[in-house]
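Working notes, structure below.
What follows is calculated from the coordinates using simple rules that are stated; it is not laboratory data. Note that this is a predicted model, so its numbers are computed, not measured. Here Cβ is always computed from backbone atoms with ideal geometry, including for glycine, and neighbour counts include all displayed protein chains.
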Amino acid sequence: PTLKQLVRGGIPDQYRKQIWRQLVYSRVQDIITEKGPHYYRNLCNMLPDSPVTRYRKQISLDLMRTMPSNVKFATSGSRGIMDLQDVLLAFCIHSPDIGYCQGMNFIVGMALLFMDAHDAFWTLVAVTERYFTSNYFDHNLVGAQADQQVLKDIVAEKLSTTSKHLDAIDIEISTVTLNWFLAIYFDAVPFMVSNTLLRIWDCFLMEGPKVLFRFCLAILKMNEREILMKNDTISVMRHLKSCAKITYDIEGLIKIAFEDLRPFPHRQAIKSKQAFYLTSLKEKYKRRELQKMAFAEREQMVSLNAQLKMGSIIFIYDFYE
Amino acid sequence: MSGKRKPDLKVIIMGDYAVGKTSLVCRYIEDKFIKHEPTIGAAFFLKQWGPYNVAVWDTAGDERYTGLSHFYCRNAGAAILAYDMSNPQTFESLWARFMPLLNSSTEKCLKIVVGTKMDLIPPEERDITLEEGRKLAHELNEGLDISKLACEPYFETSSKDGSHVSEVFECIFQYCLPLSGDQRSKFGLSTSTVDLYEKEPKRATAKKGCC
């Protein structure tokens, strides 16, 4: 069997740490070569006087609520919390354009369960720059939004009855699935009882974001019957939210994701769809940005006019004084 | 579940990150206070109000998720705009960030401003006064007839000790989906309408110093 198939079968627990590391480093090797082996440590040394304050506050608010039930992250002085903070702040210096976005805390938290801070940093870099495109976590999350539109197309193609049903009862699937993609299924599928989350991460790190679509469709397919049986928005929404949380049958999920859903859209087809939606989203935000600027300019003119008037009144007043 | 296809009312909660949006909903729906993970995207809750189904959408605070909020704002009957009473910046955000969103999508949407974490700030240290809060709340509802609203569109709450939390939701529900006194008692809801804020808010709960 190929390595891909082996990983789909689940990385044995004792090798997970080592294999995750290797998969991550294989994606970012060129960046490490360019930045040097001590890059992460250097970034950490820059932390005390770097202008990342904008994100510092938000990060500190999220630290204690990333994995509150895990002992490693339970107390504010704990190693896990300190590492989480360092990695997220270092990333803001590394990539000031992206900075911190809620969701990254979960990705780093997951990485820290298996790796040290240094590796966790490179995992975040790999996820944001190599696995995903760098606009995935940008200021409008255009990459993530484009993927949700691609997802809708794939659902319409592969699970057309479900897709029509959701449309009919006015459910926008991305209100549920966006999180699944952005946090790579963290808090969406079971972690403790079955290894569902870890198995998804195994496949993600090995094969890249296409598996996120596969798993999403597999979860929907597993629940297709129940979804179609329900005819009101609320019960379907409820079901969608809760069904992923009880996906304990990981072998069943893997089988649906990689076998039953065949033929799955090709990587290239997904890529060209992504590019198409990305362009239209970017245009939308550009238009919006221009509108905003025009509005701000008008506001400024109005206030300037008001000031001028005030000025002339004061001037007249001074004159009469 | 009734045979209805859509919820009778959709309420959305917006506000800066970590102001306690999820805690507010959870205090109301589950009557529990727990620290929550940051909400990414949005979370969905359901509440029964007499014969009606109410969907409560809890949105992400991170600014980047703002672009997605049109999904959640669509057809919302009411919006809770939450700010952290111990952090005045979060009050400013209600104007700067969230008003534009609501303006474009839902003119008839009732807007309720809610201060959170009242337990964290002694009355004499607060930056946003009750009057400022109410003023903003009224401005936000300009063009909407809120004379039937049984309370001020402004609340100060603590999800930790539960003060004024259910009042927020019941005030909204009663306005959007009015229930008669008979109906209220039939469904086991308190029969008095909420008017705590008609009088000056009681400050008895905000003890100073240690107990």
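The long axis of helix A:267-320 is offset from the longest Cα principal axis of chain A by roughly 20 degrees. Distances between placed amide hydrogens fall under 5 Å for B:LEU110 paired with B:ALA78, B:ALA79, all partners being 5 or more residues away or on another chain. Per the Kirkwood formula applied to alpha carbons, chain B shows a radius of gyration over Rh ratio, Rg over Rh, of 0.94.
Residues considered: B:MET14, B:MET99, B:MET118. Largest GNM mean-square fluctuation over chain B, using C-alpha springs under 10 Å, is found at B:MET99.
Cβ crowding within 10 Å, taken as a proxy for footprinting-reagent exposure, orders A:SER280, B:SER69, A:SER60 from fewest neighbours to most as A:SER280, A:SER60, B:SER69. Would you list, by chain and number, the aspartates and glutamates whose Cα falls below 12 Å from the Cα of B:LYS47, excluding same-chain residues fewer than 8 positions away? Of all the aspartates and glutamates, those that pass the test against B:LYS47 - Cα under 12 Å, at least 8 places apart if same chain - are B:ASP8, B:GLU30, B:GLU170. For the residue pairs A:LYS221/B:LYS6; A:LYS221/B:LYS21; A:LYS72/B:LYS35; A:LYS158/B:LYS21; B:LYS35/B:LYS148, alpha carbon separations beyond 28 Å are given by A:LYS221/B:LYS21; A:LYS158/B:LYS21; B:LYS35/B:LYS148.
Taken over the stretch A:3-131, the percentage of Cα pairs per 5 Å bin, counting from 0 up to the bin with the maximum distance, is 2, 10, 21, 22, 21, 13, 8, 3, 1, 0. Cα centroid separation, the stretch A:84-112 to the stretch B:88-161: 32 Å.
Here's how it looks for B:LYS6: its modeled amide H is under 5 Å from those of A:THR233, which are all 5 or more places away or on a different chain.
Under Stokes-Einstein, with the Kirkwood radius over Cα pairs as Rh, the value for the protein assembly as shown at 10 °C and 1.306 mPa s is 63 µm²/s.
With the radius of gyration and the Kirkwood radius both derived from the Cα set of the stretch A:142-272, what is their ratio Rg to Rh? Please report the intermediate quantities before stating the final value.
On the way: Rg = 13.7 Å, Rh = 14.8 Å.
Result: Rg/Rh = 0.93.
For the residues A:ASN135, A:ASN305, A:ASN195, a GNM of chain A with alpha-carbon springs under 10 Å puts the largest fluctuation on A:ASN305. Summarising the amide proton neighbourhood of B:TRP49: residues at separation of 5 or more, or on other chains, whose placed amide H is nearer than 5 Å comprise B:VAL54.
Put simply, when A:120-128, B:138-146 are sorted by average Cβ atoms within 10 angstrom per residue, most first, you get A:120-128, B:138-146.
Across the stretch A:206-214, rounded Karplus estimates of 3J(HN,Hα) from the backbone phi angles (6.51 cos²θ - 1.76 cosθ + 1.60, θ = phi - 60°) give 6, 10, x, x, 4, 5, 5, 5, 4 Hz, Gly and Pro being marked x. Take each residue in A:230-237, count the other chain C-beta atoms within 10 Å of its C-beta, and the mean is 5. Counting neighbouring beta carbons within 10 Å and listing from fewest to most, the residues A:ASP30, B:ASP8 come out as A:ASP30, B:ASP8. Of all DSSP beta bridges located in the protein assembly as shown, what percent are antiparallel, nearest 5? Antiparallel: roughly 30 percent of the beta bridges in the protein assembly as shown.
With runs of 4+ DSSP H residues as the only contributors, calculate the mean residue ellipticity of chain A at 222 nm using -39,500 (n - 2.57) per run, divided by the residue total and rounded to the nearest 500. Show your work: numbers first, answer last.
Working: 16 runs with 223 residues, N = 321.
Counting only the DSSP helices, I get -22500 deg cm²/dmol.
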